[in-house]
1. Would you calculate, for the chain, the mean residue ellipticity at 222 nm contributed by helices, counting each DSSP H stretch of 4 or more residues as -39,500 (n - 2.57) and dividing by all residues, to the nearest 500?
2. If amide hydrogens are placed 1.01 Å from N in the peptide plane, which non-local residues have theirs closer than 5 Å to the one on Glu147?
3. Beyond 29 Å, what share of the Cα-Cα pairs of the chain is found? Please give it as a whole percent.
4. List the chymotrypsin sites (Phe, Trp or Tyr not before Pro) in the range 325-390 that DSSP assigns to loop (not H, G, I, E or B) and whose Cβ has at most 13 other Cβ atoms within 10 Å. Which are they?
5. For a test of the definition: using alpha carbon positions, the gyration tensor, and the 1.5 limit on a/c, classify the range 318-429 as rounded, prolate or oblate.
6. Once label points are set 7 Å from the Cα along Cα→Cβ at both Glu353 and Arg265, what is their separation, rounded to one decimal in nm?
7. Once you have the Cα-Cα distance between Ser90 and Glu403, take 0.36 nm times their residue separation minus that, and quote the gain in nm to one decimal.
8. On alpha carbon coordinates alone, what is the Rg over Rh value for the range 371-454, Rh being the Kirkwood radius?
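The values are calculated or read from the model by the stated rules, or taken from the named source; none is laboratory data. Owing to the predicted nature of the structure, the values given are computational and were not obtained by experimental measurement. Note: ideal-geometry Cβ built from the backbone for every residue, glycine included; neighbour counts use all protein chains shown. Ligands, DNA and RNA are stripped out before the accessible areas are found, and what is left, the full protein with its side chains, is counted by its heavy atoms. Shrake-Rupley method; radii C 1.70, N 1.55, O 1.52, S 1.80 Å.
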Amino acid sequence: MVKQQVKSVVISSILAGMSLPSFASALDLSNDDELSVIGSVKAGNPEGTIPAYSGKAPKTPANFREDFSNGRPNPYDDEPLFSITAENASQYAEQLDGMIEIFEKYPDFRMDIYPTHRDVSYPEYVIENTQKNLTECKEIAGGVSLEGCYAGIPFPVPETGTQAMWNHLLQFTAYEYKTIDGWDAWVTTPDGKAVLQTRAAGYQRVKFFDPEAQGPHDSSLIYIKIRQEDLAPARKVGGVLVLHSSVDAVNVGTRIWQYVPGQRRVKLAPNLAYDTPSPNSGGTSTIDDSKGFMGPLDRYDFTLAGKEEKFIMYNNFALNNPNDCGEEKIVNHANFPNPDCIRWELHRVWKVEATLKDGYRHAYPKRVFYWDEDAPGAGSVENYDSSGSLYRVANNIAIPFYEGEKGGMVADGTIYMDLQTGMWSVQALLGRAGAGWTVVEEPLSDILFNPEGMAGSGFR
């Protein structure tokens, strides 16, 4: 009886956006009727527009090829339920939040709403460690660092804004994954002409999710290492970037190294942080806009505003399949990506409001984050300027892995819309035949993520 009361209070608190009682940590997620193994609400909504969490990955389509010669085919055979346009957007204001301003600025903007699918799975070790994190994973240093965390979702039932943000930063995709034939970054001018900014090979090692990790992680753990090797255009070929980010944002933080072929040397790039314009986006996003948000948490106060239902980009297979929407069709469209290529679904999301702390500066004094309850890498972000106007919107390209038993969702690609300039950009797009994200079977070499090994590999 007591356990059932605990669960009822927790579920009511989650759905109402209230603070959770401290005894929420007594939950057993592996044997719970109401919460999933990663802490999301199992049930759908009363209206039936959000289904129950399946706990499984989508079924692999019969026409999927591991060399991505056929792209990443859509596992769902469905059509849009309806479309949201400038004419009917006011009817869906509660599910659009600040994005309703896009319809006001661009009357031809459109969102095709598809049936919602909650199909994303997690390896058993991640599930087991998520249960441990309910009692062991702690925020320290005011929430900007962590200690005692295992290789699972750090805060399956978040109680603070910083906890929800750590869930996003430590989203599960895989321990190691990479691109086949590189990802693309495009910038589209207000007249609808797209320019390729970067084509790059990408490698990622998320050490936080090391399946061999024993016990809780050290509080100085480098939780993610990223390598980017520039393949195009010609002026960038041979450039290399390596990033290391630690769960100790105070004493270790994030370090980025660059190898620039013309200079023939590796250098630490401390200025590639916070609101420095991203070199891959033509000035339409900042460095910490990557993946919706990827940066230290020290400059903002984060408030957990609760859970709500919101239309977000989800299951965006068309953006990763040239048979559905090739890159030229996606990017050569004024002000926003071609609506024919974008899939929107209604999902429950954690809403986090961020306000800039006194004494700090950033191009975005206010940010609002919406992270999916099942896979916190998926979601959207509204960034506001100093006048309180919506400045830029970021939407992550979220795709669950369906091949094999790997599980996870990759949400590294992001679409940025700059409402002040009319420009927009996309990073980590894989809409070409032969291009795709894949989970690594053989361990990646340490040299890939070693700054001392950058110069030789980037030589041209």
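1. It comes out at -3500 deg cm²/dmol, rounded to the nearest 500.
2. For Glu147, whose amide H was placed from the backbone, the distant partners under 5 Å are Lys138, Ile140.
3. Cα-Cα pairs in the chain separated by more than 29 Å: 45 percent.
4. Answer in residue order: Tyr360.
5. Here the range 318-429 falls in the oblate category.
6. The modelled label-to-label distance comes out at 4.8 nm.
7. 108.7 nm
8. Rg divided by Rh gives 1.08.
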